[in-house]
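Notes follow the structure.
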Amino acid sequence: MNKVTVFGAGAWGSTMAQVLHDAGNDVLLWGRSDEVVNEINSSHTNQKYLGAHVLPAELKATSDLAQAFGHSHIYVLAIPAQQLRTMLAEWKPLVAADSIVISTLKGIEISTQMRMTEIIEEMWGVTKVGVITGPNLADELVLRQPAGAVAAAPTQDLADFIRSLFRTPYYRTYTSID
């Protein structure tokens, strides 16, 4: 079991937290809204983003950044892409030196044309940065409907690690050699 922190308690972040939990990980979900965090912890729902869907009871959430970064050195980013640089700058003092960062963000930074992984590497100076991506929708995946994704990273070992972190019976994750 790995400890994982998911940053972003919107529809996609909450769904990724559920997938990671279902894959056997100890997951802490960070969100900026105390109201959303309290609802996840007390009712195991996130009505604002996921309607009446019930999240796993073991899934915990926090709005405390120090607690979120202290939970794990494995960070899954599920925040708005155009806010990434600002949030990474704010969070930099809390980043563990041995961190593994997994981006779920799609797109590029409009002002620089940089990929999300390039921004993460530039802002945090980390080397273990990968992505998980696929043609997935939170509304379908949160219902545990069958879906696939690709894990990509600079090394096969890191891609394999990401694949194993997310792999469930309903969410199949592949690397380039699978």
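The values are calculated or read from the model by the stated rules, or taken from the named source; none is laboratory data. Source: prediction; values computed, not measured. Cβ atoms come from the backbone with ideal geometry, glycine included; neighbour counts cover every protein chain shown. Remember, those area values only see protein heavy atoms, side chains included, never the ligands or the DNA or RNA. Shrake-Rupley method; radii C 1.70, N 1.55, O 1.52, S 1.80 Å.
Please specify each residue of the range 153-173 satisfying the condition of being under 15 Å from GLN18 (Cβ atoms), open to solvent by less than 70 Å² (accessible area, probe 1.4 Å) and either more than 14 Å from the chain's Cα centre (by Cα) or charged (D, E, K, R) (or both).
Residues satisfying the conditions are THR168, TYR170, TYR171, THR173.
Please work out which residue is nearest to THR45 (Cα to Cα), limiting yourself to the range 120-140 and to residues that are part of a helix (DSSP H, G or I) and free of Cβ contacts under 8 Å to residues at least 24 places away in the same chain.
Initially, the range 120-140 is screened for residues part of a helix (DSSP H, G or I), giving 120-124, 138-140.
Imposing the further condition that a residue be free of Cβ contacts under 8 Å to residues at least 24 places away in the same chain reduces the set to 121-122, 140.
Numbers: GLU121: 33, GLU122: 35, GLU140: 16 Å.
Result: GLU140.
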Worksheet item: If you go through the range 61-90, how many residues are in contact with a helix residue (DSSP H, G or I) (Cβ under 6 Å, 6 or more places away or on another chain) and among the charged types (D, E, K, R)?
Response: 1
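Determine, yes or no, whether LEU65 is without any contact (Cβ under 8 Å) to a residue 40 or more places away in the chain, in contact with a strand residue (DSSP E or B) (Cβ under 9 Å, 6 or more places away or on another chain) and open to solvent by 30 Å² or more (accessible area, probe 1.4 Å). Can you show your working first?
Values: without any contact (Cβ under 8 Å) to a residue 40 or more places away in the chain: yes; in contact with a strand residue (DSSP E or B) (Cβ under 9 Å, 6 or more places away or on another chain): yes; open to solvent by 30 Å² or more (accessible area, probe 1.4 Å): yes.
Criteria met by LEU65.
Scan the range 96-104 and tell me whether some residue there is part of a loop (DSSP other than H, G, I, E, B) and within 13 Å of the chain's Cα centre (by Cα). First the steps, then the outcome.
Keep residues of the range 96-104 that are part of a loop (DSSP other than H, G, I, E, B), which gives 96-99, 104.
Cutting the leftovers down to within 13 Å of the chain's Cα centre (by Cα) gives us 104.
So far as the range 96-104 goes, yes, one or more of its residues are part of a loop (DSSP other than H, G, I, E, B) and within 13 Å of the chain's Cα centre (by Cα).
Restricting attention to the range 72-117, report how many residues are of a type in the set (Phe, Trp, Tyr) and closer than 21 Å to ALA159 by Cβ. Let's see the steps before the verdict.
First, pick out the residues of the range 72-117 that are of a type in the set (Phe, Trp, Tyr): 75, 91.
Remaining after also requiring closer than 21 Å to ALA159 by Cβ: 75.
Qualifying residue count for the region: 1.
Quick check on PRO169: is it modelled with pLDDT of 95 or more and closer than 28 Å to ALA52 by Cα?
Considered against the rule, which asks whether it is modelled with pLDDT of 95 or more and closer than 28 Å to ALA52 by Cα, PRO169 comes out as yes.
Considering THR86, THR117, which residue is of a type in the set (Val, Ile, Thr), assigned to a helix (DSSP H, G or I) and closer than 21 Å to LEU165 by Cα?
Numbers: THR86 fails: closer than 21 Å to LEU165 by Cα.
The match here is THR117.
Run down HIS53, HIS71 and say which single residue is closer than 25 Å to PHE161 by Cα and touching a Ser or Thr at 6+ places or on another chain (Cβ under 8 Å).
Numbers: HIS53 fails: closer than 25 Å to PHE161 by Cα.
HIS71 is the lone residue from the list that is closer than 25 Å to PHE161 by Cα and touching a Ser or Thr at 6+ places or on another chain (Cβ under 8 Å).
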Discussion item. Looking at the structure I just gave you, is ALA78 among the aliphatic types (A, V, I, L, M) and in contact (Cβ under 8 Å) with a residue 40 or more places away in the chain?
Written reply: yes
Fill in: Among residues of the range 1-54, those that are within 10 Å of the chain's Cα centre (by Cα) and open to solvent by 60 Å² or more (accessible area, probe 1.4 Å), counted
0
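Of the residues VAL150, VAL101, which single one is of a type in the set (Val, Ile, Thr) and buried (at least 20 other Cβ atoms within 10 Å of the Cβ)?
On the way: VAL150 fails: buried (at least 20 other Cβ atoms within 10 Å of the Cβ).
Answer to the check: VAL101.
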Item to complete: Check ALA57 against each of (1) under 10 Å from the mean Cα position of the chain (by Cα); (2) over 24 Å from ALA81 (Cα atoms); (3) among the small types (Gly, Ala, Ser) and name the one condition it does not meet.
Response: (1)
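Being closer than 15 Å to VAL129 by Cβ and hydrophobic (A, V, I, L, M, F, W, C) is the filter here; which residues of the range 82-107 pass it?
Hits for the range 82-107 are LEU84, LEU88, TRP91, VAL95, ALA96, ALA97, ILE100, VAL101, ILE102, LEU105.
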